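Here the structure is laid out as structure tokens; the discussion comes afterwards.
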Amino acid sequence: MFLQQRAVLSQIPPSSCAGLVQVDEGRRVVFAPGCAVPLTVVKSDGGYTYDTSDLAALRHRLFEEKADIIIYVTDSGQAGHFQIIFAAAQMIGWYDPKVTRVEHAGFGVVLGEDKKKFKTRSGDTVRLMDLLDEGLKRSMDKLKDKERDKVLTPAELEAAQKAVAFGCVKYADLSHNRINDYIFSFDKMLDDRGNTAAYLLYAFTRIRSIARLANIDEASLRKAAGSTEMVLDHEKEWKLGKCILRFPEILQKILEDLLLHTLCDYLYELATTFTEFYDNCYCVEKDRHTGNVVKVNMWRMLLCDATAIVMAKGFDILGIKPSLQEESSKCSKNMININERLQETFGDAIRAAYPHLENAPLAVTPNQQPRFGDYQCNSAMAMAQMMKSKGQKVSPREIAENIVKNIPDNEIIEKVEIAGPGHIPRLPDSLSTHRRPPGLLQSTLGLAFIEPCGNPSHAPHESKKRFDNEEEFKKRAYQCVVKLQSKDPAFIKAWSSICDVSRQEFQKVYDCLDIQLIERGESFYQDMMTEVVKEFEDKGNVVKVNMWRMLLCDATAIVMAKGFDILGIKPVQRM
């Protein structure tokens, strides 16, 4: 309260003030309206501060870059600092908040699974490069657990590894309310179930595959969109349609509150709603024997297309950019999921060979011994046992031969070899190099905001320890900053060398995440800081003073000061 009273009095410039700048124990400070804590624009030793550089950066963005919207993304602990910066900029007339949006978007702390601040075992801050490396390792382990390494080429496996790792790290961060702290878990992040990037990418691939399976290209869909009547006669169609129509509402909300987890929640809801729709409403009807498409429900295909378009735009906003062009060029239109196609093909063959055998077992799985083929179907032995229980004695080999005779011509099976109790379909070499499971898309992922990390040297950590514990080291550090800000050639050269080494290390992270960064560090605004301080010094106060109220403020401050004196408390004097 005492500081607030003194801040009010500071609106009347005494002889020790220059415009909006006041001198306080050798330092020059600026009080913004409604803020008890001042900005220090020049330290007592003549150096500038983060307050000065932040003011210079804001002024440059407003007047040089002509920005209409400026969003500062930092941890929530700096919210108070930016509130004062914005208030000072408005006080001096740099911008009108009704015209230009300047806002701070704070974020919480990332916690480990022990619910403590996310750190290494040694207690150090986790470097982003180390985090990404660990993500790559775990994503590869996940892919191998699912045996994707057996159906992907090395290049495809590496692309899938990066897509899963980087996409999931990004999505795991954005899918939580940025204001709150959240627990970081690699296991949950890489799970292909629930609200994760892995699940959404899988769902997106599945949706896109429907049109290709129906032999419908994008031009046909665009043409149908202008002439097809949307007959939504099923409740799941209505549910999906209403969910799609909420997308503009979601975009408006995240534009207003800058909370991207709302978009993540919406995309997950859209994907699950689509699954309900697809499970209950047929889009493409195929002949069970030939596999040929016999009927396409075009308005439902348009619902599929609209869902994919909305999801693609959502991914784009989040920085997740799956490339379906590469997917399409590498995969036959009927190879979206080889295992599903084989299940369908052998299921049709079994029903054709033994139409009276109900609930015939169907077991098509990847072969554990690739030299014997890519996949194996072990249905013959189980079918022989089933038929034997009904009084029909037929050998497994005979059953296998009858099934093979009824397999229709197709483009995914090169040949079928009968081996032992079952038979093994072998894929043609021309296709085996292009097999890819759904959901593992090659993607270029960009992060909207990234905190530089990964200095190859331990010098910064050691310097920080000495700065915190050694007064002489701290004093010399401050002197170095002053010399750097005064453009001492030797210090400029040393600083440039440090920046170059750091930049090389940072670039490794940027390259991993395909980031194009406009580098503007504090030194970029160095020459502007002097102009900023001068502008505040030249700017006179324009507030209207009610003197009788100011006298009440002064009387209150005098009484409080006397009370502090009696209690032995010495408040900071600024006047």
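Just a few scattered comments:
- Solvent-accessible area per residue for the range 140-211 (1.4 angstrom probe, square angstrom): 42 Å²
- Rounded to the nearest 20 debye, the dipole size of the range 21-107 about its Cα centre is 160 debye, using +1 on the Cβ of Lys and Arg and -1 on the Cβ of Asp and Glu.
- Simple spin-label estimate for ASP514 and ASP96 in nanometres, 7 Å along Cα-Cβ: 4.2 nm
- The shape of the range 21-107 can be summarised by an equivalent ellipsoid whose semi-axes, obtained from the alpha carbon gyration tensor, come to 22, 14, 13 Å from longest to shortest.
- Segment MET560-ILE183, length gained on full extension (0.36 nm per residue, minus Cα span): 131.1 nm
- Taking a Cβ cut-off of under 13 Å around ILE85, the surrounding Lys, Arg, Asp and Glu residues balance to a net charge of -1, with basic ones at +1 and acidic ones at -1.
- Here the dipole of the range 190-267 is about 220 debye; that uses its Cα centre as origin and unit charges on the Cβ of Lys and Arg (positive) and Asp and Glu (negative).
- Peptides 279-290, 264-275 ranked from most to least packed by the mean count of surrounding Cβ atoms within 10 Å: 264-275, 279-290.
The values are calculated or read from the model by the stated rules, or taken from the named source; none is laboratory data. No experiment lies behind these values; they were computed from the predicted model shown. Ideal geometry is used to build each Cβ from the backbone, glycine not excepted, and the neighbour counts take in all protein chains shown. All accessible areas refer to the heavy atoms of the entire protein, side chains included, with ligands and DNA or RNA removed. Shrake-Rupley method; radii C 1.70, N 1.55, O 1.52, S 1.80 Å.
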